[in-house]
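The values are calculated or read from the model by the stated rules, or taken from the named source; none is laboratory data. Computed from a predicted model, the values in this text were never measured in an experiment. Note that each Cβ is placed from the backbone with ideal geometry, even for glycine, and that neighbours are counted across all protein chains shown. Areas reflect the complete protein model, heavy atoms only, side chains present, ligands, DNA and RNA absent. Shrake-Rupley method; radii C 1.70, N 1.55, O 1.52, S 1.80 Å.
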Amino acid sequence: MQKIDLKNLSCDDLAAFVAERGLPNFKARQIFSWIYRPGIRDFCQMTDLSKKLRETLSQEAFISHMEPAVKEVSSDGTIKYGFELADGRMIESVLIPEGDRNTLCVSSQVGCAMGCTFCLTGTMGFIRNLSCAEIVNQVCAVIDDLRSREAGELNNLVFMGMGEPLANFDNLLQSLVILMDELGLNFSDRRTTVSTCGLVPKIIELGEKIKVNLAISLHAADNETRSRIMPINARYPIEELLEACRKFPLQKRKRIMFEYVLLKDINDSDEDAENLARILRDIPAKINLLPCNEAPDIPFKKPDQQRIDAFQDILRKRDYTVLLRSSRGADISAACGQLAIKSATPTS
Ligand code: SAH
Ligand code: SF4
């Protein structure tokens with residue numbers, strides 16, 4: 001019999017698991033909260049469960065975990081963790097400490113099928129989806145690392161690592177349900193953000209199924225430019241994407257984050273900034289400008305600082321909240337769009 005990985009189960013799934021074995025519902029809640037207590041890997045440690053239940057669990061189930069195979073620390077404090085998966089594939093998660101807050105950038109796939117031309121993950125192509133457990137275990141491993149270094153709590157999760165989260169919808173959703181459960185890691189909807197290149201039907205479905213913050217990789221304010229750098233735009237053009245954003249259920253005082261990578265001479269003119277301000281006018285939006293992180297395989301450059309400032313000024317004058325994301329972790333290739341692992345293909 002194949003054992004079940006409990007890291008793939010939500011508390012409701014566990015309730016079904018225990019019900020099948022004739023046990024009361026509260027046992028599921030007990031087991032679930034044990035799984036997400038730090039340092040618990042073994043059913044013997046679950047001291048308030050009966051010996052019989054612990055035996056059943058160890059015969060039928062296991063609790064997977066991941067440990068980083070590689071951990072690189074940037075000069076600015078950003079940490080890139082490389083995890084080797086059971087099949088030898090590698091993924092990365094990036095921890096960004098800011099003041100006393102820690103944000104983790106989580107991966108959802110090995111590689112990505114979306115082919116955005118400015119993104120290194122895109123150049124890898126799609127290899128496979130991550131399982132729910134592989135998503136959840138990135139978070140658990142980083143929490144363990146923070147604890148062992150007494151480096152504080154993990155405050156925010158952003159699905160901005162490798163891959164397109166909404167292209168791995170079921171596993172993403174299941175991982176969110178688990179990560180946000182108050183009996184477990186208790187990440188609230190306000191501390192959890194899913195970023196997408198714009199899979200319109202999945203944005204709508206996400207809004208229907210769970211409360212989270214939304215980030216949109218917009219990167220251009222007209223369809224011609226966007227289609228040139230993001231193939232997904234041919235399927236879901238800007239008008240449809242923004243319509244889905246207008247309908248997305250937002251929590252009080254929350255706005256959608258629009259990400260905009262600044263590519264020299266492609267999308268960085270005053271006119272582009274004016275257009276961006278115009279198309280977002282009726283959406284509760286904040287804008288995150290990402291000066292292009294350059295890489296040898298990427299045919300784009302970062303605009304000079306004057307251009308970046310001018311672009312930003314136009315948006316500020318139109319009353320937008322604009323963040324200029326500094327390129328954190330660039331020296332260890334942990335910055336946005338730099339996550340691509342040369343050894344993503346197993347050697348054996
Ligand atoms: N696939 C999702 C999640 C990845 S998020 C998405 O695209 O939204 C990673 C962010 O980094 C995205 O906003 C992406 O567009 C951005 N990015 C990709 N390549 C980049 C580059 N070369 N420089 C700066 N940002 C980049
Ligand atoms: Fe995929 Fe996002 Fe990179 Fe586009 S920007 S290739 S969707 S990871």
About the Cα centre of the chain, how large is the charge dipole given +1 on each Lys and Arg Cβ and -1 on each Asp and Glu Cβ? Please answer in debye to the nearest 20.
720 debye
Inter-label distance, nm, simple model (7 Å from Cα along the C-beta direction), Arg235/Cys44
4.9 nm
Please work out whether segment 248-296 counts as rounded, prolate or oblate from its C-alpha gyration tensor, where a ≥ b ≥ c are the square roots of the eigenvalues and a/c under 1.5 means rounded, while otherwise a/b larger than b/c means prolate and anything else oblate?
oblate
Between Ile314, Asn267, Phe169, whose Cα lies farthest towards the positive end of the dipole of the chain when Lys and Arg beta carbons carry +1 and Asp and Glu beta carbons carry -1, centred on the Cα centre?
Phe169
Euclidean distance of C-alpha centroids, segment 128-169 and segment 6-32, integer Å:
23 Å
For Phe43, what charge total do you get from the other residues with a beta carbon under 11 Å from its beta carbon, if Lys and Arg give +1 and Asp and Glu give -1?
0
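Add +1 for every Lys or Arg and -1 for every Asp or Glu among the other residues with Cβ under 11 Å from the Cβ of Lys80, and state the total.
Working: positive: Lys71, Arg328; negative: Glu72, Glu92, Asp331.
Local net charge: -1.
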Taking the 0 to 90 degree range and rounding to the nearest ten, how far is the long axis of helix 11-20 tilted relative to the main principal axis of the chain, both from C-alpha atoms?
30 degrees
For the chain, taking Cα atoms only, what is the radius of gyration to one decimal and the Dmax to the nearest whole Å?
21.1, 69
Cross-link partners among lysines for Lys254, C-alpha distance below 22 Å, same-chain residues fewer than 8 apart left out?
Lys202, Lys209, Lys211, Lys286, Lys317
Given charges at beta-carbon only (K, R positive; D, E negative), |dipole| of segment 76-158 in Debye
260 debye
For the chain, find the longest principal axis of its Cα atoms and tell me its angle to the long axis of helix 305-317, 0 to 90°, nearest 10.
80 degrees
Can you give me the C-alpha center-to-center distance between segment 219-276 and segment 172-202, rounded to a whole angstrom?
22 Å
Using packing as a proxy for protection, rank 114-123, 252-261 so that the peptide with the highest average count of other Cβ atoms within 10 Å comes first.
114-123, 252-261
With Cα atoms, 0 to 90° folded angle of helix 169-180 axis to the chain main axis
70 degrees
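Restricting things to alpha carbons, find the Rg to Rh ratio for segment 91-173 using the Kirkwood radius for Rh. Working shown, then result.
Values: Rg = 13.5 Å, Rh = 13.3 Å.
With Rg and the Kirkwood Rh in hand, the quotient comes to 1.01.
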Protection-proxy order for peptides 50-61, 158-169, each taking the mean of Cβ atoms within 10 Å per residue, highest first
158-169, 50-61
In Å², rounded to a whole number, the accessible area per residue of segment 206-315 with probe 1.4 Å is 47 Å²
State whether segment 4-62 is rounded, prolate or oblate according to the following rule on the C-alpha gyration tensor (a ≥ b ≥ c being the square roots of its eigenvalues): a/c under 1.5 gives rounded; otherwise a/b larger than b/c gives prolate, and the remaining case gives oblate.
rounded
Sulfur and carbon atoms: percent of accessible area, segment 62-207 [1.4 Å]:
49 percent
Can you compute the charge dipole magnitude of segment 4-62 about its Cα centre, using +1 on each Lys and Arg Cβ and -1 on each Asp and Glu Cβ, nothing else charged? Give it in debye, rounded to the nearest 20.
220 debye
Run lengths n ≥ 4 of DSSP H only: what is the helix-derived mean residue ellipticity at 222 nm for the chain, with -39500 (n - 2.57) per run over all residues, to the nearest 500?
-10000 deg cm²/dmol
